[in-house]
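Everything below concerns the one structure shown next.
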Amino acid sequence: MVIVMAKNAPSEAVERVLSEITALGFTPHISEGESRTLIGAIGPAPTEELREQLSALANVDTVVRITKPYKLASREFRHDDTFVMIGDVRTGNGRFVVAAGPCGVESREQLEGAAAIAKRHGATLLRGGAYKPRTSPYAFQGLQEEGLRLLEETRAATGLPIITEVTAPELVEQVAASADMLQIGARNTQNFALLAEVGKAGKPVLFKRGMSTSITEFLQAAEYILSQGNPNVVLCERGIRTFETATRFTLDISAVPVLKELSHLPVWVDPSHAAGRRSLVSSLALASAAAGADGLIIEVHAKPEEAKSDAAQQLNDAEFGQLMTSLKAVVAALGKQL
Ligand code: PEP
Ligand code: MN
């Protein structure tokens, strides 16, 4: 359940509620809004009597029972859209952002080239994998620690905050020391030990939907991060597996409005991995923006044909430039800022 405190309730009233619910066996989670505090109480379904008892406490406005299997991620918990800060870049709540960069960090020259493309056309975040979770153990696994150093250097040179993937719980500390945002990839959506670890890392999380994860399962998985006390989660649709083979994955555009309806968290889309080839990326990106996404991640490379991973889907300078021009028009039509 969620206990909604009255506007500007004094801290003693909040403390009183916290001690009551803790004594009753609930785990409290505090969310500070602009003018009011919300207290999530995770535990057994509350009885009507218990809700009345809590409603009667000083400065409690309402007590809402959350019916969904996820709590902190739900709109019932927080009515207003959340925004998340990635370094000094804000996403969510009317602010549209684009993160661009190569699939994997391959060399200084390659990363600098991709970062220049990203920056030139108005992306405000640089994304690139240092640790790559590859389907085949024989494929390029990423430059790992060296990749993190190159990302740090490129951030220093360009000012773009960096997003990079973390693939194992034991790597979280190391990756979090370099990254402005930690990415959890589709192959790790339900790696609960990893999710709990990133929940404690103190960095925002770009959380991708697994290729066969339902929306409910996805939001329940997000709850593993949120319930560790990390509220800065961005949900990312990246395509799901269906019977269709004409695309690498089927981009679930419906996931955007569905997630926005069910959750207050920002929703991004990764059209590159869904499409699997560059000719489709722009259409899917524009559709995602039109469907209400708060941001996109787009794979770019100065020479896509030479990329060590995902070569077929990375956009070159000119292609990314064209996409950003069209995207600006779509985003402006929606009354959002890019
Ligand atoms: C990636 O972002 O490069 C990636 C591997 O994506 P996903 O986890 O969505 O497959
Ligand atoms: Mn990739």
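In the structure shown, the pairs K119/K303; K203/K336; K7/K336; K260/K336; K119/K336 are assessed against 23 Å; a Cα-Cα span above that value is assigned to K203/K336; K7/K336.
The convex hull of the Cα atoms of the range 55-152, projected and averaged over all directions, covers 10.7 nm². In the calculated pair-distance distribution of the range 149-275, the portion above 17 angstrom amounts to 56 percent of the Cα-Cα pairs. Considering only L143, V2, L18, and ranking their Cα positions along the charge dipole of the chain that arises from unit charges at the beta-carbon of Lys, Arg, Asp and Glu, the one farthest toward the positive end is L143. Calculate the FRET efficiency for I30 and R134 from the Cβ-Cβ distance with a Förster distance of 41 Å, rounded to the nearest 0.05. Using R0 = 41 Å, I get an efficiency of 0.55.
Placing +1 on the Cβ of every Lys and Arg and -1 on the Cβ of every Asp and Glu, with nothing else charged, gives the range 266-338 a dipole about its Cα centre of roughly 160 debye. With just the Cα atoms defining each centre, how far is the range 225-268 from the range 41-56? Give it in Å. Between the Cα centre of the range 225-268 and that of the range 41-56, the gap is 32 Å. When the Cα positions of G185, L171, V97 are compared along the charge dipole of the chain, V97 comes out farthest toward the positive end, with charges on each C-beta of Lys, Arg, Asp and Glu.
Around the amide H of Q183, modelled in the peptide plane, lie the amide H atoms of T164, E165, V166, L206, all under 5 Å away and 5 or more residues distant in sequence or on another chain.
For the range 190-338, pairs of C-alpha atoms spaced more than 18 angstrom apart make up 59 percent of the total.
With all pairs of different C-alpha atoms in the average, the Kirkwood value for the hydrodynamic radius of the range 131-187 is 11.9 Å. Magnitude of the charge dipole for the range 144-188, about its Cα centre and with charges confined to Cβ atoms of Lys, Arg (+1) and Asp, Glu (-1), is about 160 debye. Reachable aspartates and glutamates from K200, Cα under 15 Å, same-chain residues fewer than 8 places away excluded? Result set, ordered by chain and number: E170, E173, D180, E223. Mean residue ellipticity at 222 nm, helices only, the chain: -10500 deg cm²/dmol; runs of at least 4 DSSP H residues each add -39,500 (n - 2.57), and the sum is divided by the number of residues. Each Lys or Arg adds one and each Asp or Glu takes one away; over the other residues whose Cβ falls under 12 Å from the Cβ of T67, this sums to +3.
Annotation: average projected area of the chain is 17.3 square nanometres, based on the convex hull of Cα atoms across all directions. For the range 65-71, the Karplus equation 6.51 cos²θ - 1.76 cosθ + 1.60, evaluated at θ = phi - 60°, returns couplings of 7, 9, 8, 6, x, 10, 10 Hz by residue, with Gly and Pro reported as x. Here the range 109-174 and the range 1-32 have alpha carbon centers that stand 40 Å from each other. Across the range 85-102, computed HN-Hα scalar couplings (Karplus, 6.51 cos²θ - 1.76 cosθ + 1.60, θ = phi - 60°) run 9, 10, x, 9, 9, 9, 10, x, 6, x, 9, 9, 10, 10, 9, 9, x, x Hz from first to last residue, x flagging Gly and Pro. Set against the 2.2 N^0.38 Å expectation for a compact globular protein, the range 283-338 has a Cα radius of gyration ratio of 1.23. Summing charges over all other residues whose Cβ lies under 12 Å from the Cβ of A41, with Lys and Arg as +1 and Asp and Glu as -1, gives +2. How far is the Cα center of the range 206-222 from the Cα center of the range 76-106, in Å? If you average the Cα positions of each part, the centres end up 17 Å apart.
Taking amide H atoms as placed 1.01 Å from N in the peptide plane, the amide H of I298 lies under 5 Å from those of A99, A100, G101, each 5 or more residues away in sequence or on another chain.
Every number here is computed from the coordinates shown, using simple stated rules; none is lab data. Computed from a prediction, not measured in an experiment: that's the story for all the values here. Every residue, glycine as well, gets a Cβ built from its backbone with ideal geometry; the counts of neighbours run over all protein chains shown.
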